[in-house]
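The values are calculated or read from the model by the stated rules, or taken from the named source; none is laboratory data. All values reported here derive from a predicted model rather than from experimental measurement. Positions of Cβ are backbone-derived with ideal geometry, glycine not excepted, and every protein chain shown enters the neighbour counts. Heavy atoms of the whole protein, side chains included, go into the accessibility calculation; ligands, DNA and RNA do not. Shrake-Rupley method; radii C 1.70, N 1.55, O 1.52, S 1.80 Å.
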Amino acid sequence: MNIEPLHTEFGARISGVDLSLELDQPTFAQIDLALNRHSFLLFENQQMNDQAHLDFTRRFGELEEEHVSYYSRGEITYMGTVGNIDADGNKVSARQIKSSTGNEMWHSDSSFREIPAMYSLLTAYEVPDEAGETAFASARSAYQRLDPSTRELIEGRVGIHDYIYSRTQISEDAVNQGQRTYMHPVRQRLVRQNPVTGERNVYVGSHVKEIEGMPDGEAKPLIKRLIAEVTRPESVYRHRWQVGDFVIWDNRCLLHCGCGYDADKYRRRMHQTRVRGAGPSIAESLK
Ligand code: OGA
Ligand code: MN
């Protein structure tokens with residue numbers, strides 16, 4: 001197994017591993033540690049299928065149920081589909097996947113859940129000939145860049161994350177009745193710490209609408225400034241997808257966003273699973 005850096009701030013490409021086979025424990029432990037250290041791992045030329053994808057995901061912890069079918073219809077599925085291809089393999093129109101353009105805002109997966117996702121695992125089966133990248137940036141490097149007074153200002157603070165808030169920025173009909181009924185704003189720590197490496201990061205993204213106990217006039221510009229700090233252009237890694245790419249990222253300390261593509265012209269079919277976090281972020285302590 002070979003590990004080489006992808007970007008100066010985070011990320012690694014791992015070669016010499018076939019994820020479709022059951023990995024031995026030492027190999028898995030190396031991958032797990034690399035993920036805690038590098039936050040983003042790329043495995044190329046993989047021959048995955050849903051079963052192998054689910055089995056590998058379970059090695060990291062508990063599967064998180066896919067949120068759209070769960071909150072819309074109470075259905076539990078663990079394999080999410082990303083892109084513009086329906087269950088029968090047909091391409092849907094760009095208009096039909098409009099609500100997924102919410103993914104084009106910088107976010108951390110499931111930060112709107114009381115227990116936010118730890119990792120997301122995404123693999124590409126069909127990719128557009130142009131565009132359709134996913135961009136990533138490190139909220140850990142951003143924390144290191146913050147001045148002492150900003151660090152002090154955010155220490156111990158709580159952000160309010162709200163899916164309905166973020167999705168209705170696109171349009172009022174981007175959320176359905178089930179989602180309005182069952183998805184409530186949740187409290188998340190604004191500063192988190194990796195339990196293995198001890199490194200701190202800010203925890204923000206498109207779902208954050210308020211900071212508890214801070215007037216909006218102060219909180220809104222602060223949220224905006226923190227997201228901008230994480231995602232400054234030189235800190236962003238844009239992943240250009242190839243079929244067979246298998247990517248894992250740490251939602252605790254990275255932000256990501258879709259970069260858009262011509263969904264009327266090209267097919268894009270990717271499958272995604274997520275690993276549930278170890279508990280509510282609010283219960284995590286800083287050492
Ligand atoms: C995701 C996501 C963006 C993209 O799968 O969680 O945000 O590029 N995807 O499709
Ligand atoms: Mn996402």
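General remarks:
- Which of Met1, Met48 is most accessible, then next, and so on - probe 1.4 Å: Met1, Met48
- Residues of region 19-52 with amide N under 18 Å of the 7 Å Cα→Cβ point at Glu4: 38, 40-46
- Cα gyration tensor shape of region 84-144, rounded if a/c is under 1.5, else prolate or oblate by comparing a/b with b/c: prolate
- Of all DSSP beta bridges confined to the chain, the antiparallel ones make up roughly 95%.
- In nm, spacing of pseudo-spin labels at Arg225 and Asn176 (7 Å Cα→C-beta vector): 4.1 nm
- Shape of region 164-249, Cα gyration tensor, a/c cut at 1.5: oblate
- Estimated FRET transfer efficiency (Ser149, Ala283; beta-carbon r; R0 35 Å; 0.05): 0.80
- Region 218-287 shape via C-alpha gyration tensor axes, a/c threshold 1.5: oblate
- As a fraction of the 1.4 Å probe accessible area of region 1-139, surface on carbon and sulfur atoms comes out at 45 percent.
- In plain terms, the C-alpha convex hull of region 2-277 casts an average shadow of 14.4 nm² when viewed from every direction.
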